[in-house]
Amino acid sequence: MNFSEIEKKWQSFWREKNLFKVKGNKKKFYVLEMFPYPSGDLHMGHLKNYAIGDVVARIKFMENYDVLHPMGWDAFGLPAENAAINYNIHPRDWTYKNIETFRETLKKAGISYDWDREISTCDPDYYKWTQWLFLLLYRKNLAYKKREFVYYCENCKTVLANEQVIDGKCERCKREVVRKEFEQWFFKITAYAQRLLDDLEKLRGKWPENVIKQQENWIGRSEGTIVKFKYRDGFLDVFTTRVDTIFGVSFISIAPEHPIIKEILKYSPNKEEIEKYVKLSLSKTDIERKTQRKKTGVFTFEYAIHPLTNKKIPIFIADYVLYNYGTGIVMGVPAHDQRDYEFAREFDLEIIPVIKPLEGNLGEILKEKAFEDYGILINSGEFNNLDSKTAILEISKKLESLDLGKRQVIYKIRDWLISRQRYWGCPIPIIYCENCGIVEVPEEELPVLLPPKLESWKPIGGYSPLENDPNFVNTICPKCKSKAKRETDTMDTFVDSSWYYLRFIDPKNNREIINKSLEKTYMPVDLYIGGVEHAVKHLIYARFIYKVLYDEGIVNYDEPFNELFTQGLVLKKFYWDPVNYKTVSEDLVIEKEGRFYHKENNIELEEKIEMMSKSRGNIVPLSKFLQENGSDVARIAILFAAPPEQNFEWTDAIVSGAKRFLTRVLNLYQNLDEFNTSFEDKELLSFLHKKIKEIREEISKFKFNTVIAKLMEFLNFLEDYKYKNTIEYKEVLRIYSILLAPFAPHVAEEIYHKLGYENSVFENSFPEYDEKYLIKEEIEIPVQINGKLRGTVKIPIEANEEIAIEILKNSEIYEKYIKGKEITKIIFVPKRMLSIVIR
RNA sequence: GCCCGGGUGGCGGAAUGGGAAGACGCACAGGACUUAAAAUCCUGGGCCCCCAAAAGGGGCGUGAGGGUUCGAGUCCCUCCCCGGGCACCA
């Protein structure tokens, strides 16, 4: 019988027993793996995520918890539409077909999901509540529509959230994005910035430190001062963290996107130049703007008034100023900010030194660069001789008293742009009425269904393809019953996934998003497992949405995920053709002197080891692997290769080891002796309890790779064990099958039944160890002479130094190394070692 | 540039309240079984040196250099390299 036959047998056994259904009658444990986007094939990278979750779920099950371990599908998204555009399949059909495949594969993998709770975000029963959530935010003024410069991907023809722009590139198609002005829907995550930051403290120690760090950086709190520079009838507000340098201001710079520019254009004699510059800047990608050799800008010939000196300050427009951060206007202090320094050099502006370093010559420094450290104020009127820190407070106070400034905390995080100009997403439940303006779709009319069919799936120049469907677009205002139009943008799929963990608790509730008392029972997620790449996307959105629901009294806690485990990637080697931009299959590669070439066209190929992905063509499809080798082999291979949080490369080598291990396990239980005698073997029992102890410790630290190593040691021991016909040995075999069960559940169930049991191995509780078997009477400890290991001695466990030395004196080591020499020092560490210093 | 991780055999990786470095596995070599191969089983192994060889013995070894200590992969200092995150954030 091969592994997949064994697996089929026990999977139906578990199914018939309804083993992994939520029971609801005892202490709960909610273990959740980040749900997948159902596209292409499931591969080893997916399985790693689910295998880790399954190990924990099965252990908790054996520890008699009411385990909630569900699975679902993050099913809206771009690839479905691309498939529709390219192959003329309906996105829905494409998606549900993939879901079908994913579900079947996961069932074959034998992951202990409660399939009755399966959800799919593209299902109207689900997205009804995504829309309901939108309306909740809208009513709380946390969803708003605004015309704004936003990131736009020319290739994907849609806007993107800041979180989806990686290094200035679209996270999906890797092309550089530009800024464009659109009217878009936003979620006001900035209103929760401080709480999202503060509550990270509650997660410390339970979430990986680097995820917490990433969120801190992303929220990017910084304390500073807003300063008002009078400009004509109004003010230009700047944000600075270094108000102590305010006497060094020699210009003001405004980001090209800033709306105030329209005002300035009314007066500026340099209108044409400004318009040219703004247009040029906006056409540049962020990367182009950032990597310009020189600072660029344009003078407006307009001036603002310095709030403390009343000096006239020239106003520039410059694209090194980020519209996104602070007020989008900066005060230029060339002497104490490197960027302002470069700008001033470029435009020949005054460099006014106002901060003196504690050591060193300021004049010398300023010949080359700005002096950015704290120091002592000079050229600053009444604030001279103050240190920077004090000056920041004093100058802020002064500005506040003049009503020309105030202390302010600002954040780097921007509001979450959730509109997408796409068909295959959750429709935004909003109606535009000629009379009433923006109107919510009434709750009883939810869900706003996607039209079943469109002429074309292609987005049209910044609009969703839904715009093409008059039946969808044209509607009646729910308030005044006059003609109205529907919002045609759909929501970012991260909105769908920001609350899915709740729905698993109450997946079929059609009256409310979740039953509050069920939520109280099962939330928070006790263990959440997924990739670190979601640190500042999904994981920050989900925390935000959950807090909104908490404030609304819909949920009972304020953080959704108690413990977070971020697993490492599964990598795979592949050969990349850098000329034709594609992966070359292994049988077309030839190696010459450590370099790789294409067999046919002789192009030199790059050998790469990267994350498994369809686009790289380096995936190991799970379904095929399961058929050939079975799920347990895959699980052992994945978990044994490296610690779960670490990346590892998938190779055939790790498969052969796993296969051999499991085959040996099966063989050990194949031709069992009659268990007809009884023999309490101390060696056997102490080994057993030692292993249970070690395995329990390693499990609690998620070190599944060493747990499997221990199981292998245990197997080696059992294979060599002499008394295989005793009742005690049978008991050890039983315990071994239980220890193995979370990691290789099918093989464990098989061997457990070989012993004659008829219930499931998972109906046993996870083994405990007993200290009394761990106590030894005698112990072997190392002996070091002058720091070098020279042998070992056996001593009674409780031996003191005198006894140890006495034993040493009767040993070969003494004869050989110590006799006739003078002992100058003895270090005896009880139970551990003996170290002798001689002369 | 700033902030995190991390450098251990041919390879994946064990071992950090300082106490036998290399668990476990892969690959490899020798042997058994086989007509043969695969599979399986047994044995071996960090590197180097002495010795004809074996037995035996010695030295060196956790990125590099220095320090603390009877004893350092583990602690301290300096440096190098790799991976990840952030970055014109005012």
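Taking only region A:828-839 into account, find how many residues are more than 18 Å from A:E778 (Cα to Cα), more than 9 Å from RNA strand B (Cβ to nearest atom) and either surrounded by fewer than 12 Cβ atoms within 10 Å (Cβ to Cβ) or not hydrophobic (A, V, I, L, M, F, W, C) (or both). Give the steps one after another, and end with the answer.
Within region A:828-839, the subset more than 18 Å from A:E778 (Cα to Cα) is A:835-839.
With the extra rule that they be more than 9 Å from RNA strand B (Cβ to nearest atom), the set shrinks to A:838-839.
Among the residues that remain, those that are also either surrounded by fewer than 12 Cβ atoms within 10 Å (Cβ to Cβ) or not hydrophobic (A, V, I, L, M, F, W, C) (or both) are: A:839.
Of the residues in that region, 1 qualify.
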Just need a number here: residues in region A:308-337 that are of a type in the set (V, I, T), more than 9 Å from RNA strand B (Cβ to nearest atom) and open to solvent by less than 30 Å² (accessible area, probe 1.4 Å). 3
Hey, among the residues in region A:758-785 that are in contact with a strand residue (DSSP E or B) (Cβ under 6 Å, 6 or more places away or on another chain) and of a type outside the set (V, I, T), which one's nearest to A:K816 (Cα to Cα)? A:Q784
Which members of region A:490-508 meet the condition of being of a type outside the set (F, W, Y) and open to solvent by 10 Å² or more (accessible area, probe 1.4 Å)? A:T493, A:D506, A:P507, A:K508
Within region A:364-418, track down each residue that is in a loop (DSSP other than H, G, I, E, B) and of a type in the set (S, T, Y). A:Y374, A:S380, A:Y411
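Per-residue answers, yes or no, for (1) near RNA strand B (Cβ under 8 Å from one of its atoms); (2) in a helix (DSSP H, G or I):
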site: A:V783; (1), (2): no, no
site: A:G791; (1), (2): yes, no
site: A:I795; (1), (2): no, no
site: A:I805; (1), (2): no, yes
site: A:L808; (1), (2): no, yes
site: A:I813; (1), (2): no, yes
site: A:K821; (1), (2): no, no
site: A:I826; (1), (2): no, no
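Looking at region A:234-247, which of its residues are touching a helix residue (DSSP H, G or I) at 6+ places or on another chain (Cβ under 9 Å) and open to solvent by less than 10 Å² (accessible area, probe 1.4 Å)? If you could, list the steps in order and put the result at the bottom.
Going through region A:234-247, the residues touching a helix residue (DSSP H, G or I) at 6+ places or on another chain (Cβ under 9 Å) turn out to be A:234, A:236, A:240-247.
Residues satisfying the conditions are A:L236, A:V243, A:D244, A:T245, A:I246.
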Suppose we filter region A:420-452 for residues that are more than 20 Å from A:K128 (Cβ to Cβ) and either under 35 Å from the mean Cα position of the chain (by Cα) or without any contact (Cβ under 8 Å) to a residue 40 or more places away in the chain (or both); how many remain? 2
Does A:F247 meet the test of being within 10 Å of RNA strand B (Cβ to nearest atom), among the aromatic types (F, W, Y) and closer than 27 Å to A:G375 by Cα? no
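Condition first: open to solvent by less than 30 Å² (accessible area, probe 1.4 Å) and within 21 Å of A:D319 (Cβ to Cβ). Now tell me which residues in region A:180-190 satisfy that.
As a first pass, look at region A:180-190 and keep what is open to solvent by less than 30 Å² (accessible area, probe 1.4 Å): A:184-187, A:189.
Residues satisfying the conditions do not exist here.
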Would you mind telling me which numbered condition in (1) closer than 22 Å to A:D244 by Cβ; (2) open to solvent by 20 Å² or more (accessible area, probe 1.4 Å); (3) within 12 Å of RNA strand B (Cβ to nearest atom); (4) not in a loop (DSSP other than H, G, I, E, B) A:D340 fails? (2)
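Return yes when A:K128 is surrounded by fewer than 22 Cβ atoms within 10 Å (Cβ to Cβ), part of a helix (DSSP H, G or I) and more than 21 Å from the chain's Cα centre (by Cα) and no when it is not.
Numbers: surrounded by fewer than 22 Cβ atoms within 10 Å (Cβ to Cβ): yes; part of a helix (DSSP H, G or I): yes; more than 21 Å from the chain's Cα centre (by Cα): yes.
Taking the combined requirement at face value, the residue satisfies it.
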Do you know which residues across region A:191-233 are surrounded by fewer than 19 Cβ atoms within 10 Å (Cβ to Cβ), within 27 Å of A:I260 (Cβ to Cβ) and under 20 Å from the mean Cα position of the chain (by Cα)? A:G220
Quick one: which strands (runs of 3 or more DSSP E) lie wholly within region A:571-684 and hold at least 2 residues that are over 26 Å from A:F3 (Cα atoms) and within 12 Å of RNA strand B (Cβ to nearest atom)? A:604-611
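Output the helices (runs of 4 or more DSSP H) that fall wholly within region A:498-566 and possess 1 or more residues being of a type in the set (V, I, T) and within 30 Å of A:C170 (Cβ to Cβ), or say none.
Passing ranges, in order: A:538-551.
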Please go through (1) closer than 22 Å to A:P427 by Cα; (2) open to solvent by 50 Å² or more (accessible area, probe 1.4 Å) for A:K107 and return the number of the only condition it doesn't satisfy. (1)
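The values are calculated or read from the model by the stated rules, or taken from the named source; none is laboratory data. Computed from a prediction, not measured in an experiment: that's the story for all the values here. Please note: Cβ atoms are built from the backbone with ideal geometry, for glycine as well, and neighbour counts cover all protein chains shown. Please note that ligands, DNA and RNA were not included when accessible areas were found on the heavy atoms of the full protein model with its side chains. Shrake-Rupley method; radii C 1.70, N 1.55, O 1.52, S 1.80 Å.
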